[in-house]
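Visitor: Pasting a structure below so you can have a look.
The values are calculated or read from the model by the stated rules, or taken from the named source; none is laboratory data. Computed from a predicted structure; not experimentally measured. So basically every Cβ, Gly included, is an ideal-geometry build from the backbone, and we count neighbours across all protein chains shown.
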Amino acid sequence: MNNQDIDQDLPENFEALKASAKRSSNWRERLQAVEELGQYDHPQAIAILSRMMKHDLVYPVQEAAYKQLKAMGENVQQPSRNKPELFKGISKIMMRIKKSLPKDHTYEQFKEKVQKMRIDIYDTYEGEKGADFDPWLEKMWNSLDTHKK
């Protein structure tokens, strides 16, 4: 990085982009922040993109941050798509949500309740699984047996 790059000003909305980059319940907003921050070859923008590439739970966000950093000439390794469970105890969390609903609830009611109670989980898995989100969530719902003794 040369002095001209270091002297490049950050955008006026840098603080808002920084806040968007941390918003755990909106992967689309984080992805947008990555795209905007990638336009600024500045140490602060690079630091945020590096953190997102390494630690964001949603792979498309990690991958976008990687691509932005690579385009800036940063020496980075592509993040792995293979991750362990994104939220520790996800089955127990989903079980508590299912148990909070009436016995004869529908999958749509369960889905709505997950979104209301745990938007962080809902949003993360929606971003991570993409088109496979609904089948995954429905399979999770079906696998939860609330009548175990």
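Visitor: Quick check on residue 60: is it in the same structural domain as residue 13 (by TED's automatic domain parsing), assigned to a helix (DSSP H, G or I) and either more than 29 Å from residue 9 (Cβ to Cβ) or touching a residue at least 60 places away in the same chain (Cβ under 8 Å) (or both)?
Guide: So residue 60 fits the description; yes.
Visitor: Take the stretch 74-95 and flag every residue that is surrounded by 11 or more Cβ atoms within 10 Å (Cβ to Cβ), more than 21 Å from the chain's Cα centre (by Cα) and in a loop (DSSP other than H, G, I, E, B).
Guide: Across the stretch 74-95, the qualifying residue is only 74.
Visitor: Related question: Which one of 71, 65 is surrounded by 17 or more Cβ atoms within 10 Å (Cβ to Cβ) and of a type in the set (A, V, I, L, M)? Walk me through how you get there before you give the answer.
Guide: Working: 71 fails: surrounded by 17 or more Cβ atoms within 10 Å (Cβ to Cβ).
Unique residue meeting the criteria: 65.
Visitor: A further question on this structure: Can you pull out every residue in the stretch 107-149 that is within 15 Å of residue 95 (Cβ to Cβ) and among the hydrophobic types (A, V, I, L, M, F, W, C)?
Guide: Residues satisfying the conditions are 110, 114, 117, 121, 137, 140, 141, 144.
Visitor: Considering (1) closer than 30 Å to residue 141 by Cα; (2) out of contact with any Gly (no Cβ under 7 Å at 6 or more places or on another chain); (3) not hydrophobic (A, V, I, L, M, F, W, C), say which one residue 60 fails and leave the rest.
Guide: The number of the failed condition is (2).
Visitor: State the number of residues belonging to the stretch 96-112 that are within 19 Å of residue 125 (Cβ to Cβ), in a helix (DSSP H, G or I) and either outside the structural domain of residue 134 (by TED's automatic domain parsing) or not aliphatic (A, V, I, L, M) (or both).
Guide: So the answer is 8.
Visitor: If I filter the stretch 112-137 down to residues being in contact with a helix residue (DSSP H, G or I) (Cβ under 9 Å, 6 or more places away or on another chain) and farther than 22 Å from residue 31 by Cβ, which single residue comes out as surrounded by the most Cβ atoms within 10 Å (Cβ to Cβ)?
Guide: 113
Visitor: For the stretch 8-55, how many residues meet the condition of being assigned to a helix (DSSP H, G or I), more than 15 Å from the chain's Cα centre (by Cα) and buried (at least 17 other Cβ atoms within 10 Å of the Cβ)?
Guide: Looking only at that region, the number is 6.
Visitor: Which of the residues belonging to the stretch 78-119 are in contact with a Phe, Trp or Tyr (Cβ under 8 Å, 6 or more places away or on another chain) and modelled with pLDDT under 95?
Guide: Those that are in contact with a Phe, Trp or Tyr (Cβ under 8 Å, 6 or more places away or on another chain) and modelled with pLDDT under 95: 78, 79, 81, 83, 86.
Visitor: Spot the failing condition for residue 29; the list is (1) farther than 18 Å from residue 127 by Cβ; (2) in contact with a Ser or Thr (Cβ under 7 Å, 6 or more places away or on another chain), and only one is missed.
Guide: Residue 29 satisfies all of (1) farther than 18 Å from residue 127 by Cβ; (2) in contact with a Ser or Thr (Cβ under 7 Å, 6 or more places away or on another chain) except (1).
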